[in-house]
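Okay, structure first, notes after.
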Amino acid sequence: MIFSILSQILILLLQPNWLQMEYQVTIKETLSRVLRIDSSSAKEAVDRVWELYRNEEVVLDYSDLSFCDVFADVTKEKITPYYRSASRDFTLLHGDTFELLPQFDFHFDMIFADPPYFLSNDGISVQAGKIVSVNKGEWDRGGTPEEINEFNKRWISLCRDKLKEDGTIWISGTYHNIFSVANSLTELGFKILNVVTWAKTNPPPNISCRYFTYSTEFIIWARKSAKRPHHFNYELMKRLNDDKQMTDVWRLPAIAPWEKSCGKHPTQKPLALLTRIILASTNKNAWILDPFAGSSTTGIAANLIGRRFLGIEREQEFIEISRKRREEINNFKVYGNYRSKIKDIARSEIYEPNCFVCEEEAFVDLPF
Ligand SMILES: C[S@@+](CC[C@H](N)C(=O)[O-])C[C@H]1O[C@@H](n2cnc3c(N)ncnc32)[C@H](O)[C@@H]1O
């Protein structure tokens, strides 16, 4: 059967049954046929359309059928947060970012992403004087260069849809993934603003003695649109740098033991790093998304300086650490203690006392 396609596929949820749901898939081609598909999730329905396409039971114009376009129309499944703080400034979704992001409509002021770096290659390193495996988990195991490129392009494209027109995205990485990330950003129309080098002041030694000690990570900062100006707290960054322009090399220590009070995440970022990122590119009350939340360092830093956070994490163990970390700062003493340990917070408040107190009237909430 050969049909010419006039437009995109539209998928509508008909009636949710227990476990099994029925989706009505309308293909807007010359014959305007309607397919009925049984599936237990929106993703399964989309996969089934792809299968029909591959089996040539329907013939579609590939360019009309980008995965995101199809998925973006499947919005009827209700999202239930795994956790939400009482003040609604910290929400966690438990699941796959590729499935969850297309299921809701919301635009964030800023996105920080610390995606898999794909460096779990069975190598070894040294931690606290002990030889340890560099493997972080199955989620970090590398694929072919093509697979890594495709992975980065897919999630960055989904994030782009969730960013305000004047919003910015920060993405961290090492040489393993950062070039692929930069290419994807450029291909998707972002404008790269800076590549910050995080120079670790206390890196672990290189035990092979065959390379220089690895002591840096990179964080690309990009804005969504080449034309729309982005937000940069230039004056604040300058003040935090003893009244000299802040450069793109940030000397900050690796994570400290006090940051692991709720459990260990193998690639947890330091709060000082995330605080600086958020301070540089957002104002109070801003909404921040982290699609690979891990232990939610982004969310904790955001809440310590009056910003709001949505995090998505797939692993139960890590989302539980995230929840505990947020509950922990409900204790005013802990909250104050953490703030006092992060130099940029203490120094910002010297210049502008109470600069991180939220204004409730500015509150715009998530759609779930
Ligand atoms: C590099 S870690 C992030 C660490 C985080 N920045 C922190 O400070 O704790 C990446 C995280 O993404 C999660 N992850 C990987 N693929 C995912 C996916 N498709 N959906 C949701 N989470 C995912 C992993 O479980 C891991 O916790």
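We did not get these values from a lab; they are worked out from the coordinates using the rules stated. Every value quoted in this text rests on a predicted model; they were computed, and no experiment measured them. Note: ideal-geometry Cβ built from the backbone for every residue, glycine included; neighbour counts use all protein chains shown.
If you take the alpha carbon atoms of the stretch 83-362 and fit the smallest convex hull around them, that volume is 135 Å³ per residue. Once the C-beta distance of residue 197 and residue 327 is scaled by a Förster radius of 51 Å, the resulting FRET efficiency is 0.90 to the nearest 0.05. Listed by chain and number, the lysines placed with their C-alpha closer than 27 angstrom to that of residue 343 are 200, 238, 244, 260, 264, 269, 284, 324, 333; residues fewer than eight positions away on the same chain are left out. Annotation for the stretch 264-368: GluC sites (Glu not before Pro) lying in DSSP loop with at most 13 further Cβ atoms inside 10 Å of their Cβ are 359.
Applying 1/(1 + (r/R0)^6) with r as the Cβ-Cβ distance of residue 187 and residue 213 and R0 = 41 angstrom yields a FRET efficiency of 0.80. Label-to-label distance for residue 206 and residue 235 is 4.4 nm, based on points extended 7 Å past Cα in the beta-carbon direction. Site pair residue 334 and residue 80 shows an inter-label distance of 2.6 nm when each label is modelled 7 Å from Cα along Cα→Cβ. Listed peptides 195-207, 243-255, 91-103 appear in the order 91-103, 195-207, 243-255 once ranked by packing, highest mean of other Cβ atoms within 10 Å at the front.
Backbone N atoms of the stretch 272-294 closer than 11 Å to the 7 Å Cα→Cβ label point of residue 165 are not found in any residue.
Shown is the FRET efficiency for residue 227 and residue 175, computed with R0 = 41 Å from the Cβ-Cβ distance and rounded to the nearest 0.05: 0.85.
Between residue 316 and residue 244, the simple spin-label model (points 7 angstrom out along Cα→Cβ) gives 5.1 nm. Mean separation of Cα pairs under 8 Å and 6 or more residues apart, divided by the residue count, gives the stretch 83-362 a relative contact order of 22 percent.
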